[in-house]
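A.B. asks: Take this structure first; my questions come after.
The numbers here are math on the coordinates, done by the rules we state, and not lab data. Predicted, not measured: the structure shown is a model, and the values here were computed from it. With ideal geometry, Cβ positions are generated from the backbone for all residues, glycine too; neighbour counts draw on all protein chains shown.
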Amino acid sequence: MYVKVLYDNRAKRGFVPGHGFACLLDGAVLFDTGEASQSLLDNMKKMMVSPGEIKAVVLSHEHWDHTGGLWEVIKRCPGIKVYACPSFSETFKKCVVESGGELVLAGGPMDIAPGIMTTGEIGAVYKDQYIAEQALIVKGDKGFSVITGCAHPGLLPMLKRIKETLGVPEFYMVFGGFHLTGMGMEEITGVISDMKSIGVYKVGPMHCTGDKAIRMFGGQYHGNFVPVKAGHIIHL
Ligand SMILES: [Fe+2]
Ligand SMILES: [Fe+2]
């Protein structure tokens, strides 16, 4: 199992950075689409990804920095399956269908492709409003890993729920947006030590995790901290 990181706030030299997140699993399943479609398409080209090869898109949540590139992807892959949460807005769901995507609503855990599963909708309150989010669970050669878009329901509650659902003792790697911006050092240290006790072996904090939290993960996870950026390929 390999993951090409196509969109992140940080990028390897030669790739376009941008606010948002997107990655492609095994050349077939796109998880999120970043904010700007042109940046997504440019990074795809640099990573030798032809949009026509994408078989499915999974959207973590409805925020613009995760759905912005969707419409250009659907244009290039008419009829493509788009996995959304049932509580995404009716307007958004209508747009997917009218643009030519096949809308699939993931109310609970669901297989997407061999070794790739979605958690299905996990609810949260964000800025006083209900928000629905799903994360990807990957079963690779090295064990189970989790990829998060923004983790608005909270990274730890999401991981605990996944552990219970799967009945797994540990995770090989967790990466994506951890949404720890605005947290104090003590709180972030608590999250990091809880991740260790949950059994997360490697971490790749990205996107909305925040610079301070990313530095702290680097300091506390040592050699098992992976500085993931757009342009990287991760083997799971
Ligand atoms: Fe985000
Ligand atoms: Fe978000």
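A.B. asks: Condition first: more than 15 Å from residue 222 (Cα to Cα) and either away from ligand 2 (no atom under 13 Å from the Cβ) or free of Cβ contacts under 8 Å to residues at least 40 places away in the same chain (or both). Now tell me which residues in the stretch 187-208 satisfy that.
C.D. replies: Once the filter is applied, which keeps residues that are more than 15 Å from residue 222 (Cα to Cα) and either away from ligand 2 (no atom under 13 Å from the Cβ) or free of Cβ contacts under 8 Å to residues at least 40 places away in the same chain (or both), the stretch 187-208 yields 187, 188, 190, 191, 194, 197, 198, 199.
A.B. asks: Return the total of residues in the stretch 114-131 being crowded, with 16+ Cβ neighbours inside 10 Å and either under 18 Å from residue 33 (Cβ atoms) or among the polar types (S, T, N, Q) (or both).
C.D. replies: So the count comes out to 4.
A.B. asks: In the list 75, 81, which residue meets the criterion of being within 28 Å of residue 141 (Cα to Cα) and of a type in the set (Lys, Arg)?
C.D. replies: Among 75, 81, only 81 is within 28 Å of residue 141 (Cα to Cα) and of a type in the set (Lys, Arg).
A.B. asks: Could you please find all residues in the stretch 45-94 being of a type in the set (A, V, I, L, M, F, W, C), surrounded by 18 or more Cβ atoms within 10 Å (Cβ to Cβ) and more than 14 Å from ligand 2 (Cβ to nearest atom)?
C.D. replies: Those that are of a type in the set (A, V, I, L, M, F, W, C), surrounded by 18 or more Cβ atoms within 10 Å (Cβ to Cβ) and more than 14 Å from ligand 2 (Cβ to nearest atom): 49, 54, 56, 57, 58, 70, 73, 74, 77, 80, 82, 84.
A.B. asks: Looking at 229, 139, 160, can you tell me which residue is within 16 Å of ligand 1 (Cβ to nearest atom), within 23 Å of residue 32 (Cα to Cα) and of a type in the set (D, E, K, R)?
C.D. replies: On the way: 139 fails: within 16 Å of ligand 1 (Cβ to nearest atom); 160 fails: within 16 Å of ligand 1 (Cβ to nearest atom).
Matching residue, one of 229, 139, 160: 229.
A.B. asks: Quick check on the stretch 172-186: of everything there that is in a loop (DSSP other than H, G, I, E, B) and touching a residue at least 24 places away in the same chain (Cβ under 8 Å), which residue is nearest to ligand 2 (Cβ to nearest atom)?
C.D. replies: Taking the stretch 172-186 as the starting set, the residues that turn out to be in a loop (DSSP other than H, G, I, E, B) are 178-184.
Next cut, touching a residue at least 24 places away in the same chain (Cβ under 8 Å) only: 178-183.
Numbers: 178: 11, 179: 7, 180: 13, 181: 11, 182: 13, 183: 15 Å.
Per the stated criteria, the residue is 179.
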